[in-house]
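Peer 1: First the structure, then my questions, so here it is.
The values are calculated or read from the model by the stated rules, or taken from the named source; none is laboratory data. This one's a predicted model, so the numbers in the text were calculated from it and none came from an experiment. Don't worry about glycine lacking a Cβ; one is built from the backbone with ideal geometry, like all the others, and counts go over all protein chains shown. SASA here: full protein model, heavy atoms, side chains in, ligands and nucleic acids out. Shrake-Rupley method; radii C 1.70, N 1.55, O 1.52, S 1.80 Å.
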Amino acid sequence: MKGNKTESLYGYLFITPQIVGLTIFSIIPIISVFYLSFCQWDAVSDPIFVGVQNYIEEIKDPNFSKAALNTLLYSLIYIPGNIIIALLLAVAIKNIKGKTAYRLCYFLPAVTGSVAMSMIWLWILEPNAGIMNYFLSIFGIEKLNLLGNMATVIPTIGCIAVWYNVGYNVVIYIAGLEGIPGVYYEAAMIDGANPVTRFFKITLPMMSPTIFFTTIMTTIASFKVFDQVFVMTNGGPSKASYMYVLHIYDYGFKQFKMGQSSTAAVIFFVLLLILTIIQNIMSKRWVNYET
Amino acid sequence: MKKRSVVCALLAMVLAAGSLVGCGSNNNSDTSSKSATGTSGAQKEVSWATWGNEGELARFNALNEAFMKENPDVKINFISIPSNGYMDKILSMVSSGTEPNIYYVESGYHNLAASGKLENLEPFMENDKNGVTRDNFFPNVLPWFEVDGTLYALPCDTAPITLYYNKDMLSSLGLEDPNDLDAQGKWDINAFEEMAQKITESGKVTLLLDNSDQSQIGWFASSGAEYFNDDATECTIYSDKAVEIYTKVQNMVKNGLIQWNGSGSMDPNGLFMGQQLAFVEAGRWLMPLFKDIKDFEYDICPMPSGLDGGRETAIASVPVVMSANTSDKETAWRFFSYFESEAGQTFRLQDYGNCIPSINLPGLDDTVFMNEPAPAHKELWQKYRSEGRTKYVACSMYPETAQLLKDANDKMFANFEDVDTVLKQLQQDASAAMK
């Protein structure tokens, strides 16, 4: 008994630094944001409690709906792109010669800094001197201003984000594919199943827990988009790429409305929580955990 | 077992200490307002912060060394903060009471002053022995820095906005030099438009119009499109003159004569140096970059005058402030005064520095920039420093109005929405934001 108690004590001692750090850098700031969402605060004076006024103003604010809609549009490109392309790439390179090299190439963008990556793409897509337009001009195609056009800015940023992050999911999916027992494929081949049938009837169901995990993580990541938008377009042109996190940052640090910024952050948290709960509930229908 | 317990306990303490070691440290030694200008032995400490590129930071470090040599009882702790996110960091430091004694303010100056976070500089300026007195600053520049008539900041330097232009490009297209046109009284927005037509037809880019306060003043206020009235109490952007000039510029963008760079995704400096861009709108801050250009000749010219012949030139100037939390204000002022003085501005700005002096003392301009070989028409900076105007005070007092203007410009020049409708809505929204 005494031994158990002593071991527990050491256990708590070892996790104390993590708990202290979590409390100071995560829990206290989160509680503060909840409190500040009910206050008017310009970050330099004392906060003034205003009740739910911030929430009412935020819901009525056209910038809120614009940011939410843009983020949703971006997610409609980012999430399917990251899941489907990553899965197809993982299946394609799983048994190929030089698999490690392919894996490295796909994963490399994910380990570069997002700001540096955004700056490079800014130059590639530069309408007057970028290499993309240079190659297009060789084929006689008129130069494009993808980041300066309201119709193309979100698809462009979405595609760049998919290129940047797909490698992360590829690596996870390869690990998942390697965990599928080969006997299922052997049995299916004996029964005459073709590769497409094997993919839909064996690979997908067996990969469903992994796909579920990456869907959750990719969804959260897509709603948190900030770096690329901040560096490449700053929300423009004409707020066409004005994303939700940029909206939070803009109100807090550009307009000194920390209270309303905190309100937006709380609403963001609630929306993501609801989305995650819905995903969890729906997962019971399609996620297959092998016993 | 006992030995293992001791080792585990020690390891746990090391881990705990390691997780807290990153808390509360600055790039240099910790010099928060509450602890700064304290004494380490007989030495006092003053901390100050700004942003800057490599060259600028090297100058600031040299200035700090020069000050400390003259004032051996003072230690300067310099905090360089990247320009991208500068005010985010400063705001966080001000909120926690750990801001430097002296710092640049990129935005939100009037908010900071109104909330009592900045020191009133007037008592220090009276009879300052370095000549940092009210009378020595340019009278058209200083009012922006006043809050209810009191100075809580000083302009660190000034940068009148002119147009850099590629002389060789214009000459090869048979276009007259803008300075020659100006001497004849013909350098206006219509002449600029004609020039832009020829430049665009040759496959080059005339200008990247950006979404800044300075552009608003240079391109639109020159034609009578004022965002606010003189005492910053009313938004006045919706007027016949404003609709006329905004429509003209919108058509220029629509027809490809100039390009809209509202999101800043295009780099005008690179394009200018690559001889793809004819004009760049900027202050002297491009000279450290452009001074090494040898492939072509360039110069500066005034902004073209407006539709009625008027000309408004913007002057960019950054406020430098002293924190009200500073414990030893006299020592902090000693550095502040040196920074703003003839000696300090010479140190910072000579040899192709990024701006021109903000104080008016005999011989200072000659020392700092008038004897440099480039640009040829550098006297324009001198001229428009006296005749130009700083950006709109109301945009600093009501930060939302600055964003509303940017959004409206985007609507007109990226989205090509109806100018009349956009300006009318802008006036309504800005007026509401000011209440």
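Peer 1: Have a look at A:Thr112, A:Ile277, A:Ile131 and report the one farthest towards the positive end of the charge dipole of region A:63-286, computed about the Cα centre with Cβ charges (Lys/Arg +1, Asp/Glu -1).
Peer 2: A:Ile277
Peer 1: Assign unit charges at the C-beta atoms only (+1 for Lys and Arg, -1 for Asp and Glu), then state the dipole size of region B:210-310 relative to its Cα centre in Debye, rounded to the nearest 20. Working shown, then result.
Peer 2: Working: 6 positive and 15 negative charges, 75 e Å.
Roughly 360 debye for region B:210-310.
Peer 1: If exposed means no more than 15 neighbouring beta carbons inside 10 Å and the site is in a DSSP loop, what's the longest run of chain A without any exposed chymotrypsin sites (Phe, Trp or Tyr not before Pro)? Before the final figure, lay out the partial values.
Peer 2: On the way: sites that count: A:Phe139, A:Phe226, A:Tyr289.
Counting only loop sites that pass the neighbour cut-off, the longest clear stretch is A:1-138.
Peer 1: For the protein assembly as shown, what class follows from the C-alpha gyration tensor (a ≥ b ≥ c being the square roots of its eigenvalues): rounded when a/c is under 1.5, otherwise prolate if a/b is larger than b/c, else oblate? Intermediate values should be presented prior to the final figure.
Peer 2: Values: a/c = 1.94, a/b = 1.32, b/c = 1.47.
Taking the square roots of the gyration eigenvalues as a ≥ b ≥ c, the protein assembly as shown is oblate.
Peer 1: Let me make sure I get this right: for region A:63-286, a, b and c are the square roots of the gyration tensor eigenvalues over alpha carbons, sorted descending. Under 1.5 in a/c it's rounded, otherwise prolate if a/b > b/c, else oblate. Which is it? Intermediate results must be reported in sequence, preceding the final value.
Peer 2: Values: a/c = 2.55, a/b = 1.41, b/c = 1.80.
Oblate, since a/c reaches 1.5 and b/c is not below a/b.
Peer 1: Using θ = phi - 60° and the Karplus curve 6.51 cos²θ - 1.76 cosθ + 1.60, what whole-Hz ³J(HN,Hα) does each residue of region B:65-75 get, with Gly and Pro shown as x?
Peer 2: 4, 4, 5, 5, 5, 7, 10, x, 8, 10, 10
Peer 1: Can you give the extra length, in nm with one decimal, that the chain gains between A:Lys97 and A:Tyr185 once fully stretched, where that is 0.36 nm per residue apart less the Cα-Cα distance?
Peer 2: 29.7 nm
Peer 1: Considering the Cα trace of region B:199-283, what is its radius of gyration and what is Dmax, both in angstroms?
Peer 2: According to the Cα coordinates of region B:199-283, Rg and Dmax are 14.4, 46 Å.
Peer 1: Give me the number: length gained by fully extending A:Ser65 to A:Ile216, i.e. 0.36 nm times residue separation minus the C-alpha to C-alpha distance, one decimal in nm. Please report the intermediate quantities before stating the final value.
Peer 2: Values: separation 151, 0.36 × 151 = 54.36 nm, distance 2.32 nm.
So the extension gain works out to 52.0 nm.
Peer 1: Take peptide A:124-131, look around each residue's Cβ out to 10 angstrom, count Cβ atoms belonging to other protein chains, and average those counts.
Peer 2: Shielding by partners across A:124-131 averages 4.
Peer 1: Now, a different point. Please compare each pair in B:Lys186/B:Lys294; A:Lys224/A:Lys254; A:Lys239/B:Lys424; B:Lys291/B:Lys391 to a cut-off of 24 Å on the Cα-Cα distance and tell me which ones are over it. Don't skip to the end; give the middle numbers.
Peer 2: On the way: B:Lys186/B:Lys294 30 Å; A:Lys224/A:Lys254 19 Å; A:Lys239/B:Lys424 19 Å; B:Lys291/B:Lys391 27 Å.
Pairs exceeding 24 Å: B:Lys186/B:Lys294; B:Lys291/B:Lys391.
Peer 1: Taking beta carbons within 10 Å but only from partner chains, what does the mean come to for residues B:108-118?
Peer 2: On the way: counts 7, 0, 0, 5, 5, 1, 3, 6, 2, 2, 1.
Mean partner-chain Cβ count within 10 Å for B:108-118: 3.
Peer 1: Still on this model: With solvent modelled as a 1.4 Å probe, how much accessible area in total do chains A and B shield from it at their shared surface, in Å² to the nearest 100? Walk me through the numbers on the way to the answer.
Peer 2: Values: alone 17430 and 19220 Å², together 33650 Å².
Counting protein atoms only, the buried area is about 3000 Å².
Peer 1: Cut-off 12 Å, label point 7 angstrom out along Cα-to-Cβ of B:Gln425: give me the residues of region A:243-259 whose amide nitrogen falls inside.
Peer 2: No residues fall inside that zone.
Peer 1: Can you tell me the accessible area per residue over chain B, all protein chains present, probe 1.4 angstrom, in square angstrom? Each step should come with its number before you reach the end.
Peer 2: Working: 17770 Å² over 435 residues.
The answer is 41 Å² per residue.
Peer 1: Next question, about the same structure. Ignoring everything except DSSP H segments at least 4 long, calculate the 222 nm mean residue ellipticity for chain B; use -39,500 (n - 2.57) per segment, divide by total residues, nearest 500.
Peer 2: On the way: 17 runs with 171 residues, N = 435.
So the helix-based figure for chain B works out to -11500 deg cm²/dmol.
Peer 1: Holding the Cα-Cα limit at 18 Å, pick out from B:Lys248/B:Lys378; B:Lys167/B:Lys254; B:Lys248/B:Lys411; B:Lys167/B:Lys198; B:Lys204/B:Lys254 the pairs that are longer than that. Don't skip to the end; give the middle numbers.
Peer 2: Values: B:Lys248/B:Lys378 30 Å; B:Lys167/B:Lys254 26 Å; B:Lys248/B:Lys411 15 Å; B:Lys167/B:Lys198 14 Å; B:Lys204/B:Lys254 16 Å.
Exceeds cut-off: B:Lys248/B:Lys378; B:Lys167/B:Lys254.
Peer 1: Can you run phi through the Karplus equation (6.51, -1.76, 1.60; θ = phi - 60°) for region A:265-274 and list ³J(HN,Hα) in whole Hz, with x for Gly and Pro?
Peer 2: For region A:265-274, the Karplus curve yields 5, 5, 4, 4, 4, 5, 4, 5, 5, 4 Hz.
Peer 1: While we're looking at this one, here's another question. Using unit Cβ charges (K, R positive; D, E negative) and no other charged atoms, how large, in debye to the nearest 20, is the dipole of the protein assembly as shown about its Cα centre? Intermediate values should be presented prior to the final figure.
Peer 2: Details: 52 positive and 74 negative charges, 841 e Å.
Once rounded to the nearest 20, the dipole reads 4040 debye.
Peer 1: While we're looking at this one, here's another question. Averaged over its residues, how many other protein chain Cβ atoms are within 10 Å of peptide A:253-260's Cβ atoms?
Peer 2: Values: counts 8, 8, 9, 9, 2, 2, 0, 0.
So the per-residue partner count for this stretch is 5.
Peer 1: Ignoring any ligand, DNA or RNA, what whole percent of the accessible area of chain B comes from carbon and sulfur when the probe is 1.4 angstrom? Please report the intermediate quantities before stating the final value.
Peer 2: On the way: 8610 of 17770 Å².
C and S fraction of accessible area: 48 percent.
Peer 1: Moving on. Ordered by residue, what ³J(HN,Hα) values in Hz, to whole numbers, does region A:131-140 give under the Karplus form 6.51 cos²θ - 1.76 cosθ + 1.60, where θ = phi - 60° and Gly and Pro are x?
Peer 2: Per residue, the Karplus-derived 3J(HN,Hα) values read 6, 4, 5, 5, 5, 5, 5, 4, 8, x Hz.
Peer 1: Sort chain B into rounded, prolate or oblate with this rule: let a ≥ b ≥ c be the square roots of the eigenvalues of the Cα gyration tensor; rounded if a/c is under 1.5, and if a/c is not under 1.5, prolate when a/b is larger than b/c, oblate otherwise. Each step should come with its number before you reach the end.
Peer 2: Details: a/c = 1.79, a/b = 1.64, b/c = 1.09.
Judged from the Cα gyration tensor, chain B comes out prolate (a/c at least 1.5, a/b above b/c).
Peer 1: Still on this structure: For a quick check: with amide H placed at 1.01 Å from N, whose amide H comes under 5 Å from B:Gln275's, ignoring anything fewer than 5 positions away on the same chain?
Peer 2: The list, which skips near neighbours in sequence, is empty: none.
Peer 1: Below 8 Å between Cα atoms, with a sequence gap of 6+, how large is the relative contact order for region A:63-286 in percent?
Peer 2: 30
Peer 1: Obtain the nm distance between the two label points defined at A:Gln279 and A:Trp123 by a simple spin-label model: each point lies 7 Å from its Cα along the Cα-to-C-beta direction.
Peer 2: That separation, rounded to one decimal, is 3.5 nm.
Peer 1: Between region B:273-327 and region B:40-72, what's the alpha-carbon centroid distance in Å?
Peer 2: Here the answer is 27 Å between Cα centres.
Peer 1: Write out the trypsin sites (Lys or Arg not before Pro) in region B:105-167 meeting two conditions: DSSP loop, and at most 11 other Cβ atoms within 10 Å of their Cβ. Before the final figure, lay out the partial values.
Peer 2: Details: sites: B:Lys117, B:Lys129, B:Arg134, B:Lys167; in loops: B:Lys117, B:Lys129.
Taking region B:105-167 and a limit of 11 other Cβ atoms within 10 Å, the loop trypsin sites (Lys or Arg not before Pro) found are B:Lys129.
Peer 1: While we're on this one: Pop out a list of residues from region B:231-270 that are at least 40 Å² less accessible with all the protein chains around than in their chain alone; 1.4 Å probe, no ligands or nucleic acids counted.
Peer 2: Residues passing the criterion (a loss of at least 40 Å², heavy atoms only) are B:Ser263, B:Ser265, B:Met266.
Peer 1: Percent relative contact order of region A:208-291, based on C-alpha pairs within less than 8 angstrom and at least six residues apart? Walk me through the numbers before you get to the answer.
Peer 2: Values: 52 pairs, mean separation 26.6, N = 84.
Relative contact order comes out at 32 percent.
Peer 1: Keeping every protein chain present and rolling a 1.4 Å probe, give me the accessible area per residue for chain A in Å².
Peer 2: Working: 15880 Å² over 291 residues.
Spelled out: the 1.4 Å probe surface of chain A, per residue, equals 55 Å².
Peer 1: Taking amide H positions as placed 1.01 Å from N in the peptide plane, with prolines and chain starts having none, which residues 5 or more places from B:Asp188, or on another chain, fall under 5 Å of its amide H?
Peer 2: Excluding prolines and chain starts, which carry no amide H, the hits are B:Ser305.
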